[in-house]
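Asker: Just passing along the structure, written as structure tokens.
The values are calculated or read from the model by the stated rules, or taken from the named source; none is laboratory data. Given the structure is predicted, the values throughout are model-derived calculations rather than measurements. Virtual Cβ from ideal backbone geometry, glycine too; neighbours counted across all protein chains shown. Heavy atoms of the whole protein, side chains included, go into the accessibility calculation; ligands, DNA and RNA do not. Shrake-Rupley method; radii C 1.70, N 1.55, O 1.52, S 1.80 Å.
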Amino acid sequence: MWAELLPVGRSAASGGYRRFAWNAADAECRAWFEQQARDRGLGYELDRNGNQWAWLGDPEAGDAVVTGSHLDSVPDGGAFDGPLGVVSSFAALDELRARGARFARPLAIVNFGDEEGARFGVACIGSRLTTGLLSREAAYGLRDADGVRLPDAMERAGQDPTAIGADGERLARIGAFVELHVEQGRHLAEHQPVGVASAIWPHGRWRFDFHGEANHAGTTRIEDRRDPMLTYATTVLAARKKAKLAGALATFGKVAVEPNGTNAIASLVRGWLDSRAADEATLTALVGEIERAAAERGGRDGVRVELTRESYTPVVDFDGPLRDRLARVVGGKEGPGGAPVLPTGAGHDAGILASAVPTAMLFVRNPSGVSHSPAEHAETADCLAGVAALADVLEDLACQ
């Protein structure tokens, strides 16, 4: 399964992946998922929000145990973030069947659409729509860098955009959701191959618009310039300093410039801030400090600064009893001390679903800690340990 997915959407130039929502690579990944479901005799279903489901047992019976992740990527992302969880879910089902497991609850494997938000700027669109955290109206307003609207992209890919929206009936079928994911950090490096998530830091995305005045780079005196690039650059440095002082994270990883000419002073710079912290008060204070620093510098540069919050996820504490159950099951296989339990600063579909159903996560060790990069890696032995741990968890939750 892993070998089949490796070439899909991979850039020959960077070695990274460009599996963006509703593009050709995404369609190929979706076709792969459907085929894996049908090869196993599972019931295949595409829901109103573009999420794919593979069912063992009756979906209408309720109290289902669901596992899975996503198959899309960030620009030039790695091979593990998302796909490891989906591949491991099918492999865990294979393992349970090989054990002769008898299922007492329905089991489903899911591929959530557009988790990374690489194309339309909002993360976890498939799960946000399902839970109602993203409204149909807001989704219809999303556009990609080429101006293509989300509903138009969905329609071109064969998905009916008129049906998107909250899906309470589907959520009511789920008794528990467990997502396996490659670790995005190095907490497990000195521990065992598999850990359990405790919580997800609150996090969000903010767009800063720096409005200046276009002019000639060779004829405009320094003192006559209203250069938004200068304000933007100063804001980037301020964000790094203030995040470090707060023990939090702040990253400007995306920028757009108009008119984007080498010999032209920009008229507009848009910079997207990703910020995360251990608690919501710290995150709110941090973003406020970055905004004030931008406005103060903009006042000196003759640049007007506007801030728009594009997405936000509050702190997610995973279901306590389910989390502890996973730690006992996984730890019982690995050692008497139980599995390591660790927080994460990364967002996941599991974090979105946690508002509606009992949810938990497993992490597979990442020796380098690198993620969202072609260098992202997990050892094969650790990935296989992850499959075994997920199979143990699913057997404990769904089988007699």
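Asker: Would you be able to say whether some residue in region 336-347 is of a type outside the set (Ser, Thr, Tyr), open to solvent by 60 Å² or more (accessible area, probe 1.4 Å), at pLDDT below 95 and under 26 Å from the mean Cα position of the chain (by Cα)?
Answerer: yes
Asker: Have a look at Leu286, Leu273, Leu322 and point out the one that is part of a helix (DSSP H, G or I), closer than 22 Å to Leu133 by Cβ and among the aliphatic types (A, V, I, L, M).
Answerer: Answer to the selection: Leu322.
Asker: Further, regarding this structure: Test Val303 against the criterion of being within 23 Å of Leu134 (Cβ to Cβ) and crowded, with 20+ Cβ neighbours inside 10 Å, and give yes or no.
Answerer: For Val303, the condition - within 23 Å of Leu134 (Cβ to Cβ) and crowded, with 20+ Cβ neighbours inside 10 Å - is not met.
Asker: Could you tell me which of the residues Ala375, Ala350, Ala356 is over 17 Å from Ala108 (Cβ atoms) and either within 15 Å of the chain's Cα centre (by Cα) or of a type in the set (A, V, I, L, M) (or both)?
Answerer: That would be Ala375, the only listed residue that is over 17 Å from Ala108 (Cβ atoms) and either within 15 Å of the chain's Cα centre (by Cα) or of a type in the set (A, V, I, L, M) (or both).
Asker: Please go through (1) at pLDDT below 95; (2) within 21 Å of Leu188 (Cβ to Cβ) for Ser311 and return the number of the only condition it doesn't satisfy.
Answerer: Status for Ser311: all satisfied but (2).
Asker: Which condition number in (1) more than 30 Å from Glu258 (Cα to Cα); (2) in contact with a Lys or Arg (Cβ under 6 Å, 6 or more places away or on another chain); (3) of a type outside the set (Lys, Arg) is the one that Trp206 fails?
Answerer: Failed condition: (1).
Asker: Is it the case that Thr262 is of a type in the set (Ser, Thr, Tyr) and open to solvent by 70 Å² or more (accessible area, probe 1.4 Å)?
Answerer: It is true that Thr262 is of a type in the set (Ser, Thr, Tyr) and open to solvent by 70 Å² or more (accessible area, probe 1.4 Å).
Asker: Looking at (1) without any contact (Cβ under 8 Å) to a residue 24 or more places away in the chain; (2) more than 30 Å from Leu342 (Cβ to Cβ), find the lone condition where His211 falls short.
Answerer: (1)
Asker: Still on this model: Filter region 185-203 down to the residues that are surrounded by fewer than 20 Cβ atoms within 10 Å (Cβ to Cβ) and either without any contact (Cβ under 8 Å) to a residue 60 or more places away in the chain or of a type outside the set (A, V, I, L, M) (or both) and list them by number.
Answerer: Across region 185-203, the qualifying residues are Gly185, Arg186, His187, Glu190, His191, Gln192, Ser198.
A quick yes/no check of all residues on (1) modelled with pLDDT of 95 or more; (2) farther than 25 Å from His372 by Cα; (3) open to solvent by less than 20 Å² (accessible area, probe 1.4 Å):
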| residue | (1), (2), (3) |
| --- | --- |
| Ala3 | no, no, no |
| Ala24 | yes, no, no |
| Gln35 | yes, yes, no |
| Tyr44 | yes, yes, no |
| Asn51 | yes, no, yes |
| Asp81 | no, no, yes |
| Asn111 | yes, no, yes |
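Asker: Just to be sure before I move on: is Leu142 open to solvent by 20 Å² or more (accessible area, probe 1.4 Å) and under 21 Å from Val316 (Cβ atoms) in the structure I sent?
Answerer: Taking the combined requirement at face value, the residue does not satisfy it.
Asker: Report yes if some residue within region 73-86 is closer than 25 Å to Arg10 by Cβ, among the polar types (S, T, N, Q) and in contact with a Ser or Thr (Cβ under 6 Å, 6 or more places away or on another chain); otherwise report no.
Answerer: no
Asker: Could you pull out the residue among Gly117, Gly62, Gly126, Gly121 that is modelled with pLDDT under 95, open to solvent by less than 10 Å² (accessible area, probe 1.4 Å) and not hydroxyl-bearing (Ser, Thr, Tyr)?
Answerer: Gly117
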